[in-house]
Amino acid sequence: MTINQIFVDGLGGIAGQGGTIRIELSQFQQLPVEGQAPELEVFERLVMNVDTFLKMHQSMTQVIAQMEQKGIIKKAKAPEQYGKV
């Protein structure tokens, strides 16, 4: 069995309506030029039910926790509050 692999540079958007979630997958139209904002183009859309979306979120949360434990990524620090009295 052959499994297709798709590389994604970004998300075009995520929307939910009824019991369906749609996630737009984007790729660079061309390689980004230094000093210019890259242009992303939606090339595919994932469509799933809410239950599958929540399971995917749970799985991603677990992977993120594993990456933090291994030191691959670090949690961003919360920005300090302004206007403390």
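Just so it is clear, none of the values below were taken in a lab; they were calculated from the coordinates. Here the structure is a predicted model, which is why all the values come from computation and not from measurement. Here Cβ is always computed from backbone atoms with ideal geometry, including for glycine, and neighbour counts include all displayed protein chains.
Search segment 13-43 for residues being under 14 Å from the mean Cα position of the chain (by Cα) and not aliphatic (A, V, I, L, M), and hand back the single one that is farthest from H57 (Cα to Cα).
Among those that are under 14 Å from the mean Cα position of the chain (by Cα) and not aliphatic (A, V, I, L, M), it is Q27.
Could you check segment 16-36 and list, in sequence order, the residues that are surrounded by fewer than 11 Cβ atoms within 10 Å (Cβ to Cβ), small (G, A, S) and either touching a residue at least 40 places away in the same chain (Cβ under 8 Å) or under 19 Å from V50 (Cβ atoms) (or both)?
Answer for segment 16-36, where residues must be surrounded by fewer than 11 Cβ atoms within 10 Å (Cβ to Cβ), small (G, A, S) and either touching a residue at least 40 places away in the same chain (Cβ under 8 Å) or under 19 Å from V50 (Cβ atoms) (or both): G18, G19.
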